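Student: Here it is, the structure, as structure tokens.
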Amino acid sequence: MRLLLFSLALFLLTVGMASAALGHAQLIESTPSNGAVLDESPPQLTLRFNSLIETPLTRLVLIGGDGREIPLTLDTPQAGERSEMITAPLPLLEAGRYRVRYRVMATDGHATSGVLRFTISVSPAQ
Ligand SMILES: [Cu+2]
């Protein structure tokens, strides 16, 4: 009986952890990666998650070192699409520090947000 209870408790714990981990959209990788120092302006921004993302609540904001927001247009997911990846083309960026704030909603309805940072060490040639 004690063994049965122990097994049951272990089972519930495992299921609980699995659903917590699977549910939300966690960032798996990005280009540029967090903390990257680049010697040229990256052509696009890519964020990959462990879960499908709902389109309408996807927010991606690029902020320059001066605190100014640089407008971005999402390539994917497009309206009505679900995707594990978010991409946005980037304008030619000057040397400096950049932050990317993201907020996404997984298909389970849970929102996650975070910040990525990268640095560009060389300004584009004129
Ligand atoms: Cu969730």
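Student: So what is the relative contact order of segment 25-120, in percent, for Cα pairs below 8 Å that sit 6 or more residues apart? Walk me through the numbers on the way to the answer.
Tutor: Values: 236 pairs, mean separation 34.5, N = 96.
For segment 25-120, the relative contact order is 36 percent.
Student: Averaging sequence separations of C-alpha pairs under 8 Å and six or more residues apart, then dividing by the length of segment 68-126, give the relative contact order as a whole percent. Intermediate values should be presented prior to the final figure.
Tutor: Details: 71 pairs, mean separation 16.7, N = 59.
Taking the mean separation of contacting Cα pairs over the length of segment 68-126, I get 28 percent.
Student: Where the Cα atoms of segment 25-120 are projected onto their three principal axes, how long is each span, largest first, in whole Å?
Tutor: The Cα atoms of segment 25-120 stretch 38, 22, 20 Å along their principal axes.
Student: Find, among the GluC sites (Glu not before Pro) in segment 17-86, those assigned to loop by DSSP (not H, G, I, E, B) with at most 14 other beta-carbon atoms within 10 angstrom. Please report the intermediate quantities before stating the final value.
Tutor: Numbers: sites: Glu29, Glu40, Glu54, Glu69, Glu81, Glu84; in loops: Glu40, Glu81.
For GluC sites (Glu not before Pro) across segment 17-86 that sit outside H, G, I, E and B with at most 14 neighbouring Cβ atoms in 10 Å, the list reads Glu40, Glu81.
Student: Would you mind counting up the charge near Arg101? Only other residues with Cβ under 11 Å from its Cβ, with Lys and Arg at +1 and Asp and Glu at -1.
Tutor: After counting each charged neighbour, the total is +3.
Student: Taking segment 33-82, which trypsin sites (Lys or Arg not before Pro) meet the DSSP loop condition and have no more than 10 other C-beta atoms within 10 Å?
Tutor: Details: sites: Arg48, Arg59, Arg68, Arg82; in loops: Arg68.
Those that pass, being in a loop and sparsely packed, are Arg68.
Throughout, read-outs are computed from the coordinates displayed, never taken from laboratory work. On a predicted model such as this, the values are computed, not experimentally measured, just so you know. Note that each Cβ is placed from the backbone with ideal geometry, even for glycine, and that neighbours are counted across all protein chains shown.
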